[in-house]
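Colleague: Dumping the structure here so I can ask a few things about it.
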Amino acid sequence: MKEQFTRINEYGTKFYFADRKMTILHREDGPAIECDNGSKWWCLNGKRHREDGPAFEGVSGYKAWWLNGEELTEAEWRRTYRSRVQRSYESSY
């Protein structure tokens, strides 16, 4: 795993970065932004991204799906994720 850098702002929101200058949001093992209100954002290499669930989870229950910085509907995300899992499964044999 890459070295990570964190910052907590005055509201208690925690940010995870890939670079020392703290400009590229990045976290491989959880959300890259953990808001003080409980909302969470997943990012990789500065882009909103999550393969195993929504890339945004709000405290109200609202969810948003993103892959490589592109917003998808839940249905689009499910189709994309299933095809990735299927390709991975097929390539392992």
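The values are calculated or read from the model by the stated rules, or taken from the named source; none is laboratory data. Computed from a predicted model, the values in this text were never measured in an experiment. Using ideal geometry, Cβ is built from the backbone for each residue, glycine included, and neighbour counts are taken over all protein chains shown. For the accessible areas, the whole protein counts, side chains as well, though only heavy atoms, and no ligand, DNA or RNA atoms are used. Shrake-Rupley method; radii C 1.70, N 1.55, O 1.52, S 1.80 Å.
Colleague: Given (1) outside any strand (DSSP E or B); (2) open to solvent by less than 70 Å² (accessible area, probe 1.4 Å), identify the lone condition not met by ARG79.
Modeller: (2)
Colleague: In segment 27-55, what residues are open to solvent by less than 30 Å² (accessible area, probe 1.4 Å) and either among the charged types (D, E, K, R) or within 8 Å of the chain's Cα centre (by Cα) (or both)?
Modeller: Here is the first cut: in segment 27-55, the ones open to solvent by less than 30 Å² (accessible area, probe 1.4 Å) are 30-33, 39, 43, 49, 53-55.
Answer for segment 27-55, where residues must be open to solvent by less than 30 Å² (accessible area, probe 1.4 Å) and either among the charged types (D, E, K, R) or within 8 Å of the chain's Cα centre (by Cα) (or both): GLY30, PRO31, ALA32, CYS43, HIS49, PRO54, ALA55.
Colleague: Next question. Name the residues in segment 5-26 that are open to solvent by less than 60 Å² (accessible area, probe 1.4 Å) and under 18 Å from GLU57 (Cα atoms), would you?
Modeller: Taking segment 5-26 as the starting set, the residues that turn out to be open to solvent by less than 60 Å² (accessible area, probe 1.4 Å) are 5, 9, 12-13, 15-19, 25-26.
Those that are open to solvent by less than 60 Å² (accessible area, probe 1.4 Å) and under 18 Å from GLU57 (Cα atoms): GLY12, THR13, PHE15, TYR16, LEU25, HIS26.
Colleague: Moving on. Could you tell me how many of the residues in segment 1-54 are farther than 29 Å from ALA75 by Cα and part of a loop (DSSP other than H, G, I, E, B)?
Modeller: 16
Colleague: May I pose another question? Residues in segment 32-54: is at least one on the phi > 0 side of the Ramachandran plot and in contact with a Cys (Cβ under 9 Å, 6 or more places away or on another chain)?
Modeller: Taking segment 32-54 and keeping what is on the phi > 0 side of the Ramachandran plot, we get 38, 45-46, 53.
With the extra rule that they be in contact with a Cys (Cβ under 9 Å, 6 or more places away or on another chain), the set shrinks to none.
Scanning segment 32-54, I find no residue that is on the phi > 0 side of the Ramachandran plot and in contact with a Cys (Cβ under 9 Å, 6 or more places away or on another chain), so the answer is no.
Colleague: Also, quick follow-up: Checking the condition at pLDDT 95 or above and either over 19 Å from LYS14 (Cα atoms) or in contact with a strand residue (DSSP E or B) (Cβ under 9 Å, 6 or more places away or on another chain) (or both), which residue from SER83, SER39 passes? So that I can check it myself, show each step before the final result.
Modeller: Details: SER83 fails: at pLDDT 95 or above.
Of SER83, SER39, the one residue that is at pLDDT 95 or above and either over 19 Å from LYS14 (Cα atoms) or in contact with a strand residue (DSSP E or B) (Cβ under 9 Å, 6 or more places away or on another chain) (or both) is SER39.
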